Amino acid sequence: MTSAHSQPTNPVISQSSIQETPDGRIPVGKTMPGEQPMLSVQNLKKVYHTDGGDIEAVRNLTFDLPKGQLACLVGPSGSGKTTLLKCISGLMAPSAGEVTLHGQKVTGPPKSMAVVFQEYGRSLFPWLRVAENVELPLKNQGMDKAARKEAVEQALEAVGLAHVPKSYPWQLSGGMQQRVAIARAVAYQPEVLLMDEPFAAVDAQTRADLEDLVRGIWKKLGVSVLFVTHDIDESVYLGERVIILSSSPTIIQEDVLVDLPAERDQLETRSSQRFAELRHHVYEQIQLAKKGFRPEDAVAMK
Amino acid sequence: MTYIRTFLHIVALPLILVLIWFVATLGEASFFVPTPQLLIETFFETWTSERFVSDVFPSLGRLMTGIALSILIGIVGGLLIGSFRWLRALLEPTLEFFRAIPPPVLIPVIMLLIGIGDEMKVSVIVLGAVWPILLNTIEGVRSMDEVLADTSRTYGMTKFNSVRYLILPSAMPQIMAGIRQSLSIALILMVISEMFASTEGLGFAIVQFQRSFAIPEMWSGIVLLGLIGVVLSFIFQLTERWVLGWYHGLREIEQSA
């Protein structure tokens, strides 16, 4: 890419490639051959039909998420991140293209997927206590009582909330409420965990703690995580890979490999040179996206 | 200390009213307005023993049956109508029509159709008391939080569990508001239904007293109706505090924030 004013010492590794798609030759995220990917998004398109005309939220997105990877989706505000996540989680049907999980087309919310929403206050059941909130999906699955109790205790322990099982969610702080939502997702034992800007509404310090919590849980469970955020620092700090989205109508701007060490630390990692380089690169791309630069223009110029 | 203060708040106005009444009826004795002493005396004479079993008991039974049926029909119907858009589109205009009909005008027709027994009286109560519950339940189901509904869907909640753990509790604040309105409607209709072709019941007894110029007895019946209303509302408040504890807690926190 063109960044004459700053030459990074180590080049950022881009995993995106150019593919022929129904919308012409555009960049796509990293894809894998055959049966390898756990979650695969193919030429996904979403158009909203409104009285004022059609709104194309997502134009064409293609990328794969391998088993056990933690990938961050980052994009300027209004870049269709939530739309994309709703399509992936089966809450919304795409207008074209498809999402597959283990090769199976997603048509409704899949069993092996859990979603953590941004609005923790609205995603927890206010009439159920903390432990009951975590327990409900398990109860729904027909898990027996003793196993449920153990799973709930472990999940609450994992997010550091073992001391408040009997509280109501609304009696807790925002950060703690989001921990409850994470505990509920963890107890559900999903293969894919989708997180839709989960920390956008909590304060900076809580946010740092929660980021480390997500890294910890991801490592412990070996679950695949797709983490949507608008925070560039967060995406680089958390992910093994950052998928940068263009402005709406959305395509993939770039798919960047985050080659930071696996052990991350809020102080060490964030002050490392590589972190700065990656952050710089992602920031630059987002700025380009905001200005309306579209990768397909660059393709056309080549 | 706070208990004493609460108690004083509750009894202050009734005591003042009784005092005014006492002073106003001191000198001359009006035939139509008994003194407080006479009323209390008559109250116990009239409504204890025999009459309680023959009139109050059947009335209360029909009132409770009517309320229970209204709650059941209102909630089940409301859940169904609120859940299906097509059903709502189909029924809502018709429901508005039936809701607008005052149940007392239907009493003669109902008497012809199902007789003059308890069924008629309970039907009249239900026909009036079901509406606030039904319409509030529909509204409660419709105003479901989208994020919460999405959450339930992503966890693959079964139909039954969705109703039990999501839809019903989330509509409960509105349902309770509907029940509160229905209680007073049910009490009114209980009395009215007993004024037609009856041989027992509170409404019947009060009309009998009126027609036989037993004025203190008539007043004592009216007092009894008021007391039943107070007790109903008290039971309702206790139930509501228990069922909607989470809701009041949540509201308190939202308001203080």
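The numbers here are math on the coordinates, done by the rules we state, and not lab data. Just so it is clear, the structure is predicted and the values come from calculations on it, not from any experiment. Neighbour counts run over all protein chains shown; Cβ positions are idealised from the backbone, glycine included.
Structure data summary
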item: Complete set of residues in segment B:238-257 that are loosely packed, with under 15 Cβ neighbours inside 10 Å and under 15 Å from residue B:67 (Cβ atoms); result: B:239
item: Any helices (runs of 4 or more DSSP H) falling wholly within segment B:1-115 and containing at least 1 residues that are more than 22 Å from residue B:195 (Cα to Cα) and touching a Leu at 6+ places or on another chain (Cβ under 8 Å); result: B:57-83, B:85-100
item: Verdict on residue A:244 being in contact with a helix residue (DSSP H, G or I) (Cβ under 6 Å, 6 or more places away or on another chain) and in contact (Cβ under 8 Å) with a residue 12 or more places away in the chain; result: yes
item: Listing of helices (runs of 4 or more DSSP H) fully contained in segment A:97-182 that carry 2 or more residues being out of contact with any His (no Cβ under 7 Å at 6 or more places or on another chain) and under 15 Å from residue B:151 (Cβ atoms); result: A:120-123, A:130-141
item: One residue from B:233, B:220, B:182 being surrounded by fewer than 17 Cβ atoms within 10 Å (Cβ to Cβ), of a type outside the set (Asp, Glu) and more than 14 Å from every other protein chain (Cβ to nearest Cβ); result: B:233
item: Residue within segment B:55-73 that is crowded, with 16+ Cβ neighbours inside 10 Å and farther than 30 Å from residue B:224 by Cβ present; result: no
item: Scan of segment A:101-144 for residues that are aliphatic (A, V, I, L, M) and more than 16 Å from the chain's Cα centre (by Cα), ordered by number; result: A:106, A:124, A:128, A:130, A:131, A:134, A:136, A:138, A:143
item: Residue list for segment A:137-156, filter: over 23 Å from residue A:218 (Cβ atoms) and facing chain B (nearest Cβ under 9 Å); result: A:139, A:140
item: Scan of segment A:215-234 for residues that are of a type in the set (Val, Ile, Thr) and closer than 14 Å to residue A:282 by Cβ, ordered by number; result: A:229, A:232
item: Residues of segment B:129-150 satisfying the condition of being touching a residue at least 12 places away in the same chain (Cβ under 8 Å) and within 14 Å of chain A (Cβ to nearest Cβ); result: B:140, B:143, B:144, B:145, B:148, B:149
item: Residue in segment A:111-126 that is polar (S, T, N, Q) and more than 14 Å from chain B (Cβ to nearest Cβ) present; result: no
item: Residue tally, condition touching a residue at least 60 places away in the same chain (Cβ under 8 Å) and assigned to a helix (DSSP H, G or I), over segment A:84-96; result: 3
item: Any hit, segment B:137-144, residues being outside any helix (DSSP H, G or I) and surrounded by fewer than 22 Cβ atoms within 10 Å (Cβ to Cβ); result: yes
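For (1) out of contact with any Leu (no Cβ under 9 Å at 6 or more places or on another chain); (2) in contact (Cβ under 8 Å) with a residue 24 or more places away in the chain, each residue gets a yes or a no:
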position	(1), (2)
B:152	no, no
B:158	yes, no
B:164	yes, no
B:173	no, yes
B:183	no, yes
B:202	no, yes
B:208	yes, no
B:213	yes, no
B:219	no, yes
